[in-house]
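Below is one structure, written out as structure tokens, with a few remarks after it.
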Amino acid sequence: MTVRETIEAQAAKSVGAMLRRRVRLTPDREAFRYPDAKETWHTMSWAQTGAKIDILAAGLLSFGLKQEQRVAIASSTRIEWILADFAINTAGLAATTVYPNTNDEDVAYILSDSGTVVLFAENAEQLEKVTKHPELDDQVRYVVLFDGASQGERVLSWDEFQARGKDYLAENPTCVDDAIEATGPDTLSTLIYTSGTTGKPKGAELLHSSWTYLGASIETIGFTEIDDVHYLRLLLSHVFGKCLLAIQVWSGFTTAVDGRLDKIVPNLAVIRPTLMCGAPRIFEKVRAAVLTGATSKGAKGAISRWAFSVGLKSNPYRLKGEKLPPVLAAQYAVADKLVFSKLRERLGGNMKFMVSGSAKLSRQVQEWFYAAGLLIVEGYGLTETSAVAFVNHWSVPRFGTVGPVTPGIERRIAEDGEVLIRGPIVMRGYHNKPEETAAAIVDGWFHTGDIGELDADGYLKITDRKKDLMKTSGGKYVAPQKVEGVLVANIPYVTQAVAVGDGQKYIGALLVLDPDNLKKWGENHGHADASYAELSQMPQIRASIDRFMERANAKLERWETVKKYAILDRELTVDDGDVTPNMKIRRKAVVAANQALVDSLFEGDAE
């Protein structure tokens, strides 16, 4: 048998069956940890998790729902989200994920387009997005609130819904087993609306086989161990978060769940995880906080800079598993004691490795963390490929790449450089969009839209986005993502960047500053009461960024360097249409909203 056939033979036939397998194998092992309103952490075994999911699945079946009918979840990341999602799939239904920061118009569109009939809503704020649209009243028959009291027959509290499930399961003891038995690999599992940077979102239809194959496939490479503790804060409405749950159920490790961004650092000290996944922005923010924090100044700053210079010198040896030269080894020991050990302790002190996905990670950021003894491996995938199509193994990472393809999945590079993927993890298609589906999937090959290259060992390096290349008036092609990544990695105060210059003589950029670091700067420089808009336009900030811009430009080709830039006096937001719900920049929208500012960058001669 081929690798793919072997994995398919081992994989469970559905998510519900995969859960049953895990409960059967390790009923008493810890499955989840989660905090309550008083910040007390609780645990749940796999047996307890399975029993809870059966009750919730029975509650859904009590509504008279049929296989593949859509049940949406609009909530931040929390234990109830996970339980609801597993219950939906266990009942043979299909989950529609909704970002909690999605505006009500887009929520109405997603619920309507998907045909959602039941909604799990986090709170009154999420409920209001539905009640604002009376045209949904007949379609969305029930709403279950994670937080909040029941409101008549249509809106149920979490506790009332569970009580309903218990009663229905007692009256129909085989209903959940029957639903699992009737669900197969080709049954629709999940509908995730890609928050594209243009136009309405498209619903990617992912089957049960997407998750069951992924779980079994990742285990074959020994990526995780059953004793691992994974800290989960990713939005579960994003495919990256969803795929991690599939991997966990197959492998059996523990996941600590808390989606609150401001709780990451204190939670890491409590949970002491061995594994954490995140988007590049999380790692960039940690690095920027170190580079601009109190320890970046004076003697402490000098020691920190020396330590990281030593760490970066050690990277090539450590990546190859070679011993450090004696002098460098001695220097690294001192650097580790004075600086690196303290940074690792802030991340819990027990981290084996971290995984970056959902966007390109700067190699510079990756090497900075590795210098301190913190490994970040990069993976690659899209909503349409169930997130993980390529991933670096932590034992043999290759920086600057997203690793080899996952076992059993086919990949090739088209003549124009586009990355193509084929296999069980690829979506069935876009919901209600046959023309878009036909354009995206040809002979089973999904066209990613990303340009990449494979090295001699099959490691993939993503170089460009097919449709985003800019061409200067001098005929040079420039990938905006590369320029933006270098700017964010080298200018500590910058949290987002938008490269511009298509058809121009040179490249310019719009910069967005990190509000937390900017506020700290203001407090340290006598501007504690100044707003973001005021602080971002101060000459001192501009002078500081000028210095860092020189460093950034030194890492770019001559035709890629940023000649002029402007600092925006506001943050980019979902409500203003600047970014998607998962924080991808809508480049065209940002440029259009700041057209006069962009035009000013190309007035006169910057060369």
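General observations
- Separation in nanometres of the label points that stand 7 Å from Cα toward Cβ, at Gln151 and Lys564: 5.1 nm
- For the range 350-385 and the range 264-297, distance of Cα centres in Å: 13 Å
- Estimated 222 nm signal from helices in the chain, with DSSP H stretches of n ≥ 4 weighted -39500 (n - 2.57), rounded to 500: -12000 deg cm²/dmol
- The ellipsoid equivalent to the alpha-carbon distribution of the range 353-467 has semi-axes of 27, 14, 13 angstrom, derived from the gyration tensor eigenvalues as √(5λ) and listed largest first.
- Sorting the segments 85-91, 264-270 by their residues' average number of neighbouring beta-carbon atoms within 10 angstrom, most packed first, yields 85-91, 264-270.
- For the range 3-275, the spread of Cα positions along the three principal axes, ordered from largest to smallest, is 50, 44, 43 Å.
- With the convex hull drawn over the C-alpha atoms of the range 307-350, the volume per residue is 72 Å³.
- Seen from a random direction on average, the alpha-carbon convex hull of the range 563-607 projects onto 3.5 square nanometres.
- Between Arg363 and Val396, the simple label model (points 7 Å from Cα in the Cβ direction) yields a spacing of 2.0 nm.
- Contact order relative to length of the range 307-350, as percent, for alpha carbon pairs under 8 angstrom and 6 or more apart: 43 percent
- Reported label for calculated percent of Cα pairs over 39 Å apart given (1) 37; (2) 50; (3) 31: (3)
- Computed over every Cα-Cα pair of the range 79-219 and binned at 10 Å starting from 0, the pair-distance distribution P(r) comes out as 10, 37, 36, 15, 1 percent.
- Contact order, relative form, for the chain: 11 percent (alpha carbon pairs under 8 Å, 6 or more residues apart, mean separation divided by residue count).
- In whole percents, the pair-distance distribution calculated for the range 470-601 from its alpha-carbon pairs, binned every 10 Å from zero, is 12, 43, 35, 9, 1.
- Gyration tensor (alpha-carbon) shape descriptor, the range 5-58, a/c threshold 1.5: prolate
- Cross-link partners of Lys519 among aspartates and glutamates, defined as those whose alpha carbon lies under 18 angstrom from its own and excluding same-chain residues fewer than eight positions apart: Asp262, Glu284, Asp529, Glu534, Asp569, Glu571.
- With the highest mean first, a sort of the peptides 114-122, 417-425, 315-323 on other beta-carbon atoms found within 10 angstrom per residue produces 114-122, 417-425, 315-323.
- Computed extension gain for Ser309 through Ala333, at 0.36 nm per residue and net of the alpha carbon distance, reaches 7.3 nm.
- When the listed pairs Lys38/Lys129; Lys320/Lys352; Lys297/Lys360; Lys476/Lys555; Lys13/Lys166 are checked against a 19 Å cut-off, the alpha-carbon distance exceeds it for Lys38/Lys129; Lys297/Lys360; Lys13/Lys166.
- Gain in span if fully extended, Val3 to Glu550, counting 0.36 nm per residue against the direct Cα distance: 192.0 nm
- Taking a ≥ b ≥ c as the square roots of the eigenvalues of the Cα gyration tensor, an a/c ratio of 1.5 or more together with a/b no larger than b/c marks the range 8-152 as oblate.
- When you count the other C-beta atoms within 10 angstrom of each residue and take the mean per peptide, 468-479, 50-61 line up highest first as 50-61, 468-479.
- Counted charge near Ala47, where neighbours are those whose Cβ lies closer than 12 Å (Asp, Glu -1; Lys, Arg +1): +2
- Contour minus Cα-Cα distance for Asp575 and Ala182 (0.36 nm per residue): 137.3 nm
- Shape class of the range 1-92 from the alpha-carbon gyration tensor: oblate, with a/c at 1.5 or above and b/c at least as large as a/b.
- Cross-link partners for Lys471 among the aspartates and glutamates, with Cα-Cα distance under 16 Å and sequence neighbours closer than 8 places in the same chain left out: Glu484, Asp502, Glu557, Glu560.
- Considering only the chain, percent of DSSP beta bridges that pair antiparallel, nearest 5: 50 percent
- Label-point gap, in nm, between Gln10 and Arg272 - each point 7 angstrom along Cα→Cβ: 3.1 nm
Bear in mind that the values in this text are calculations on the coordinates, not laboratory data. Quick caveat, the model's predicted, so the values are computed rather than measured. With ideal geometry, Cβ positions are generated from the backbone for all residues, glycine too; neighbour counts draw on all protein chains shown.
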